[in-house]
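Below is one structure, written out as structure tokens, with a few remarks after it.
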Amino acid sequence: MESRQLRAAGRLIGVGVGPGDSHLITVKGVQALKRSPVVAFPAGRQQPGTAEQIIAPWGRRGQTRLPLEFPFVQEIGLLEAAWEKAATQVWTYLGQGLDVAFACEGDIGFYSTFTYLAQTLQRHHPQITIEAVPGICSPLAATAVLGLPLTVRSQKLAVLPALYTVDELEQALSWAEVVVLMKVSSVYPQVWSLLKRHHRLEHSYVVAYATRPEQRIYTDLSRHPQLELPYFSLLIVQKNPESHPDSLI
């Protein structure tokens, strides 16, 4: 019975679909999306979500589209309930032997919802096969549109996720030559004040909606003490720009 179940279960394939531009998804990612009978993605609010928009050109007729609800909250109980519900929905298809490709913005291993979905499914159904197709994450996309390298030579890099504290940022600035602040919109005023104290504003950059049509870029943040930023915004701080080329171009 167990071996039959092992053969019957479909594969869960996490596909990183990149930061926003539909042409920045990998060839392997497109192939995985086209082959899978079921394509899942985080559901948008009132309009298609980012991942759903990115994969719109790459689907095929007859596929099942499976939007999954993941709330933008920090309360672990609500998050775990959402992961359990999503895993149950996905297992409906995996249990029938159908592969499910889960499309997520950026890379599947970089602060990705796919991790929680895969772990939940694996806990309940350890026999399933999980595959991962990497994608371009937002810090790399942001530096590309800025025309700058993210790091060079022996530079140390720190990446702080959303809802970091000012103390954490101050510690990172003490040892890292490059600091990336993810989802900076909610703490931008505090971050700006700290960067001013450390004389780091001139070589700091904000990129919102990197590679998307609505992309916004702000350089030399000394000129931008106040910004109304969307959720998908990140800030890059350079400590010693003289140690690397001014641009990639």
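Where a number appears in this text, it was derived from the coordinates with a stated rule and is not lab data. Computed from a predicted model, the values in this text were never measured in an experiment. A quick note on method: Cβ atoms are made from the backbone with ideal geometry, for glycine too, and the neighbour counts reach across all protein chains shown.
Once you put a point 7 Å from the Cα of V73 and another 7 Å from the Cα of T88, both along the Cβ direction, what distance in nm separates them?
Label-label distance for V73 and T88, simple model: 1.6 nm.
Among DSSP beta bridges lying fully in the chain, give the percent that are antiparallel, nearest 5.
Percentage antiparallel, nearest 5: 40.
Could you compute the FRET efficiency for Q96 and Y231, with r as their C-beta to C-beta distance and R0 at 30 Å, rounded to 0.05?
Result of the calculation: an efficiency of 0.25.
For the chain, take N as its residue count and report Rg(C-alpha) divided by 2.2 N^0.38 Å.
Details: Rg = 20.0 Å, N = 249, 2.2 N^0.38 = 17.9 Å.
Relative to the rule-of-thumb radius for its length, the chain sits at 1.12.
In segment 11-108, what chymotrypsin sites (Phe, Trp or Tyr not before Pro) fall in a loop by DSSP, with at most 10 other Cβ atoms inside 10 Å?
Counting only loop positions with at most 10 other Cβ atoms within 10 Å, the chymotrypsin sites (Phe, Trp or Tyr not before Pro) in segment 11-108 are F72.
Once amide H atoms are placed 1.01 Å from N in the peptide plane, what residues at a sequence separation of 5 or more from L68, or on another chain, have their amide H within under 5 Å of its amide H?
F41, A43
What are the principal axis extents of the Cα atoms in segment 138-243, in Å, biggest first?
Principal axes ranked by extent give 34, 28, 24 Å for the Cα atoms.
Note down the Stokes-Einstein diffusion coefficient of segment 2-133 in µm²/s, whole number, using a Kirkwood radius over alpha carbon pairs, 4 °C, and 1.567 mPa s.
It comes out at roughly 88 µm²/s.
Of all beta bridges DSSP finds with both residues in segment 138-243, what is the antiparallel percent, to the nearest 5? Walk me through the numbers on the way to the answer.
Values: 13 of 17 bridges.
Just about 75 percent of them are antiparallel.
Per DSSP helix of 4 or more residues, -39500 (n - 2.57); summed, then divided by the residues of the chain. What does that give at 222 nm, rounded to the nearest 500?
On the way: 8 runs with 82 residues, N = 249.
When only DSSP H runs of four or more count, the value is -9500 deg cm²/dmol.
PRE reach from R11 (point 7 Å along Cα→Cβ): which of segment 29-50 fall under 17 Å by backbone N?
Output list for this probe position: 29-40.
For segment 16-110, which trypsin sites (Lys or Arg not before Pro) are both in a DSSP coil and crowded by at most 15 other Cβ atoms within 10 Å? Don't skip to the end; give the middle numbers.
Details: sites: K28, K34, R35, R45, R60, R61, R65, K85; in loops: R45, R60, R61.
Loop-located and lightly packed - R45, R60, R61.
Extending each Cα 7 Å along its Cβ direction at H224 and R153, get the distance between those two points in nm, one decimal.
Those two pseudo-labels are separated by 2.8 nm.
With the calculation restricted to Cα positions, what are the radius of gyration and Dmax of segment 56-112 in angstrom?
In order Rg, Dmax, the Cα atoms of segment 56-112 give 13.2, 38 Å.
Suppose R0 equals 30 Å; then what is the FRET efficiency for A81 and K34 from their Cβ-Cβ distance, rounded to the nearest 0.05?
0.40
Taking the Cβ of each residue in T50, T88 as the centre, tally the other Cβ atoms inside 10 Å and list the residues starting with the fewest.
T88, T50
Compute the separation of the alpha-carbon centres of segment 17-59 and segment 158-235 and state it in Å as a whole number.
28
Can you pull the one-decimal nm distance between simple spin-label points at R45 and I130, each 7 Å off the Cα toward Cβ?
If labels sit at R45 and I130, their model points lie 2.7 nm apart.
Measure nothing but the geometry: give the 0 to 90° angle between the long axis through the Cα atoms of 166-175 and the longest principal axis through the Cα atoms of the chain, rounded to 10°.
Approximately 70 degrees, to the nearest 10.
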